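A short reminder: the numbers here are calculations on the coordinates, not readings from a lab. All of these numbers come straight from a predicted model, not from anything done at the bench. When we count neighbours, we look across all protein chains shown, and the Cβ atoms used for this are built from the backbone with ideal geometry, even at glycine.
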Amino acid sequence: MSITELAPAKLNLTLDVGARRPDGYHEVTSVMQSAALYDVVTLETVETDDIAVECPGTDLPTGPDNLAWKAADVFFQETNIPHTGIIIRLEKKIPSQAGLGGGSSDAASVLRGMRRLFSINVSDEALETMAARVGSDVPYCVRGGTALARGRGERLTALLPLPMCWFVIVKPPVAHSTAVMFRKLDEIAIANRPDSDAMAKALEIGDLAHICRLVGNVFEQALPEDSEVFTIRRQLSRLGADAACMTGSGSAVRGLFRREETARLAARELEKSYPLTFLAPRL
């Protein structure tokens, strides 16, 4: 038996990072948003006791270091169902090391998919608790939509949906390691912090113009002035984006557009220089 789940990209409308905690994690405050750029996750039961991950065309790990593998392992542990074999096939569309949460979203899709595959009565809340054992962004990716995340990302508050808009997501050739970006952030004094509470209030009244003014990401302050991230930001703004900012720890940059046609034209232009350019409406 097999089932398929879609794993949408995660974008950060705001992202602030506080001090490193005694457990090694950082305090994070972020308004997160799902976008219609998907990995495809297929789960299939097999007559073995193994968890296997297949991800053709990538150099991603396929064992316990893969969050999808870890999600399946946690699901078996938490539900106490008989440990049957399962194959997890990942069709990757979301670029890696981009700040788009592809690995976390894949893991969340495994948790949702295994609940369906084995017809287990597990609540969404329980699934998010499992997800917190897998990775920091995984609880949000289980929930999706528009949400305020605190702690290391596991404390979630549902927010009113982002008004309809379109994202142009651009992944430059350079990749960002999340761990390295956190270390860089620890070494600098943060000058300006995005206001996630103000963003939540703007979402309450559906003020997209104000939402665009509040977009921000502290990780940008850890980048050199000549970073390609800023080049892409300027290009997005020139092409009509209402707001442009790096997402997550990068290196992907996303522009928010109120008009689909403007977004479509911008994506077409940027794709000439950056093949990993995607047009994705908000979910």
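Annotations for the structure displayed:
- Region 166-216 shape via C-alpha gyration tensor axes, a/c threshold 1.5: oblate
- Shape of region 84-161, Cα gyration tensor, a/c cut at 1.5: oblate
- Rg ratio (alpha-carbon, reference 2.2 N^0.38 Å) - region 2-158: 1.00
- Bridgeable lysines around residue 10 (alpha carbons under 18 Å apart, same-chain partners fewer than 8 residues away excluded): 92, 93, 171.
- Listed residues 93, 184, 70, most fluctuating in the chain (Gaussian network, C-alpha, under 10 Å): 184
- Highest average first, the peptides 203-209, 143-149 ordered by how many other beta carbon atoms sit within 10 Å of their residues are 143-149, 203-209.
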